[in-house]
Amino acid sequence: MDVLFVPRLTVELAGYLIAVLPDLAPIILSLATPLALGALCGVLNERSGVVNIGIEGIMLTAAFTGYLTGFSLHATLGPAPAIAAGVIVAIVTGGLLGLLHAWLCVTVRADQIIAGTILNVGAIGLTAYFNRLIITPSGLGGAGVIAPLVFGLGPIALATVVLVAALQFLLFRSRWGLRTRAVGEHPKAADTVGIDVFRQRYQNVIAGCALAGLAGAYLTLESTGSFQNGMTGGRGFIALAAMIFGRWTPVGAFGGALLFGAFTALGVIVRVRPAGGELGDLLGAIPSFWYAALPYLVTVVILAGVVGRAIPPAADGIPYEKEARA
Amino acid sequence: MIAAVRARLASWWRVATLPVLAIVLALAIAAVIIVASSAFTGTGFFPLLPIYAYGNLFAGAFGSDIALNNTLVAAAPLMLGGLAIGLGFKAGLFNIGVAGQFLAGAFAAAVVGSSLATAPVPVAVAVSLVAGGLAGAALGAIPGFLKARTGAHEVVTTIMLNNATALLLAWAVTDLARAPGFTFPRTGDIGTSALPVLLGRNLHLGVPLAFAAVFLIRWLLDRTTLGFEIRAVGANPNAARYAGISPLRIVTLTMSLSGLLGGLAGAVQMLGVIGFYASGISASVGFDSIAVALLGRSDPIGILFAALLFGAFRAGAPLMQITTQVPIEIIDIIQALIILFLAAELIVRRVFRVRARPLEIEGATTVTRTWAEGSVRT
């Protein structure tokens, strides 16, 4: 091995990545879509002062209810209306779970991390329970009864880009955004000027969780066309990391989601478009399990590197009490 | 004498009222779910299905000597896993990484155990258990150190390490530690490293070890300086630092100890029940342990009883599923409902019209507070 091996390989890797970028970009965007929607959920929740670690569970439940709806309606309604109905049901599921989370965090003033845990544990149980009762006996669970809309850039992936831009504008340029940030930074002050803190938090948590529901619909109805137990595979938590990476802004969170999507896409692209020469030998020799583990490890590294300098909303995670001393 | 016993019982009941009522309420709501979903089972809509389901659940958990042993065997890793999460809570840490530490401990115990398969029993068992514990401790130390140093919150980092661990171990068992002579990637037979069976068919050494761990952790928390420091950091990391305690040291150490317990849970399950590592072995202990720790209010004795309850659920569930077609996943639903009713205890109070003492999990609020504050600055 000569001294120039590492620099030469780095140059080759850069050249390879540029060469495959046209193929890579749609894969990255599609892998980033559920992460971005989950991260937007986190941004809406935490900007109003509610910590939500239950995004994973909301995604999983909505993925299931959306799939179940499409699964039971596609024979009578035809595929397109069935899928549309599935997406709507998934969004409503997300909103309802958001209502539960908001009730626990805002009204009951329960510990917010434990409230999120309830969503995660409950989601695993409920989806696996009904999966075994309803979908498994049909023999069609993993096979994909419903054809996914499009591989690549379906409507949900495209809508996500629009949502990111819209929420970035709304959060920093609208009355709703100002109120959201006010109750997340200093609820007492917001209350004093007549903003209903409870109402604002309920609204944000429900709307955010509806987006997490859309992420679930993406997983089953747009990306894979099937449901498997535990199929979210930690995406709800990667989404939280993307939110922190993006410093609680929609555009930043989207950037984080694209970054994690890119690391996941790497494992796909080296199989689909293998590189030539030394680089190809090296990338091909790395076991596929390592590529699969990469995005999770990158998340840990980035979180450790970024979080010390990231400042969350000041009232994040603290329940608001009207009569309490500030 | 009798007055003293009555006073003791009354004080236990004060502590146990809300958890017991939360369990009752969770079982009642789960019964509604079972009735509502009974149309999808072979029998069709059947309002009495919960009675049959719970009856079989009970029979499978306590109905015979074998059932009782199964309950204790299922409870052993849950005690260790519950202690892992409970110890974390005491220091204001939420170790959701028990699932990964469980797998790491199981893998290490399987690899070391199979290489010592012909060694004398005491050596083989002890070394394999220690290997499992250390693997878990190493995996727990990473998120602990990262939280204390950089503020990266353990709720995210431990979940990420769970996923990465499962994938890297799937690779390790395929490419590194695969035993020859089997049709699928798995580690070799553990031979004399298997935990000795003490009673009946399957009640192994891990059961008394888990009970011992409960009292050891209780002693650690209540009677040692380290235990005091752990609880001080859990109560308020900043105040603890002003008192001369290093949160960096305590957070890293607590996560290592928590990981050690999680790894031991995996090692006990591996050496006592599973026998070999293959990709896809269940890490459900890791998630059950969360419910165990929350139900036990992260108190070692509370965890002991909570683990016995969930051990009974796990032991009885297969019989319930076979005879009544109610999926075993109802157990996960019951777990979530129990945590829900503990978190929203006002529901329990309203339904049962009791005025019991509010439940608090020492240190749990610090988990949420450190999420928002970024880091425990050192």
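Since every read-out is calculated from the coordinates, none of them should be taken as a lab result. As the structure is a prediction and not an experimental result, all values here were calculated from the model. Cβ placement follows ideal geometry from the backbone for every residue including glycine, while neighbour counts extend to all protein chains displayed.
Brief remarks follow.
- Taken residue by residue and averaged, Cβ atoms of other chains lying within 10 Å of the Cβ of B:327-339 number 6.
- Computed from backbone phi, the HN-Hα couplings of region B:86-102 come to x, 4, x, 4, 4, 9, x, 10, 10, 8, 7, x, 4, 4, x, 5, 4 Hz, rounded to whole numbers (Karplus: 6.51 cos²θ - 1.76 cosθ + 1.60, θ = phi - 60°; Gly and Pro given as x).
- Where trypsin sites (Lys or Arg not before Pro) fall in DSSP loop in region B:281-378, at most 16 other Cβ within 10 Å: B:Arg353, B:Arg355, B:Arg377
- Highest mobility in the GNM of chain A, judged by mean-square fluctuation with C-alpha springs under 10 Å and restricted to A:Val89, A:Val43, A:Val121, is found for A:Val121.
- Comparing mean-square fluctuations of A:Leu44, A:Leu303, A:Leu219 from a GNM of chain A with C-alpha springs under 10 Å, the top value falls on A:Leu303.
- Per DSSP, loop chymotrypsin sites (Phe, Trp or Tyr not before Pro) in region B:162-211 with at most 15 further Cβ within 10 Å: B:Phe182
- Within straight-line cross-link reach of B:Lys90, lysines at Cα separation under 19 Å, skipping those fewer than 8 residues along the same chain: B:Lys147
- Cα gyration tensor shape of region B:215-355, rounded if a/c is under 1.5, else prolate or oblate by comparing a/b with b/c: oblate
- Sparse packing (at most 13 other Cβ atoms within 10 Å of the Cβ) combined with a DSSP loop state is found for the following chymotrypsin sites (Phe, Trp or Tyr not before Pro) in region B:36-80: B:Phe45.
- Counting only aspartates and glutamates at least 8 places from A:Lys188 when in the same chain, those with an alpha carbon closer than 16 Å to its own are A:Asp196, A:Asp316, A:Glu321, A:Glu323.
- Working from label points 7 Å from Cα in the Cα-to-Cβ sense, the A:Ile18 to A:Ala166 distance is 3.8 nm.
- Fewest-first ranking of A:Lys322, A:Lys188, B:Lys90, using other Cβ atoms within 10 Å as the exposure measure: A:Lys322, A:Lys188, B:Lys90
- Helical contribution to [θ] at 222 nm, DSSP H n ≥ 4, -39,500 (n - 2.57), averaged over chain A, rounded to 500: -24000 deg cm²/dmol
- Check: the protein assembly as shown dipole with +1 on Lys, Arg Cβ and -1 on Asp, Glu Cβ, in debye: 1700
- Ranked A:Leu153, B:Leu72, criterion: other C-beta atoms within 10 Å, fewest first: A:Leu153, B:Leu72
- With contacts taken as Cα pairs under 8 Å at a separation of at least 6 residues, chain B carries a relative contact order of 34 percent.
- The amide H of B:His204, built 1.01 Å from its N in the peptide plane, has B:Leu198 as neighbours under 5 Å, considering only residues 5 or more places off or on other chains.
- Student exercise, region A:5-309 dipole from Lys, Arg, Asp, Glu Cβ charges, in Debye to nearest 20: 640
- A simple rule links phi to the HN-Hα coupling: the Karplus curve 6.51 cos²θ - 1.76 cosθ + 1.60 with θ = phi - 60°, which for region B:281-291 gives 5, 5, 10, 4, 3, x, 7, 4, 4, 4, 5 Hz, with x for Gly and Pro.
- Long-range HN-HN contacts of B:Arg186 with modeled amide H, under 5 Å: B:Ala179
- Under a Gaussian network description of chain A, with springs only between Cα atoms under 10 Å, the residue in A:Phe172, A:Phe71, A:Phe289 that fluctuates furthest is A:Phe289.
- In order along region A:187-194, phi translates into HN-Hα couplings of x, 4, 5, 4, 4, 4, 8, x Hz, rounded to whole numbers, per the Karplus curve 6.51 cos²θ - 1.76 cosθ + 1.60 with θ = phi - 60° and x for Gly and Pro.
- Overall form of the protein assembly as shown per C-alpha gyration tensor (a/c, 1.5; a/b vs b/c): rounded
- Over chain B: helical MRE at 222 nm, DSSP H runs n ≥ 4 each giving -39500 (n - 2.57), nearest 500: -24000 deg cm²/dmol
- Shape call, region A:5-309: gyration tensor on alpha carbons, a/c limit 1.5: oblate
- Least to most buried among A:Phe237, A:Phe130 (fewest other Cβ within 10 Å first): A:Phe130, A:Phe237
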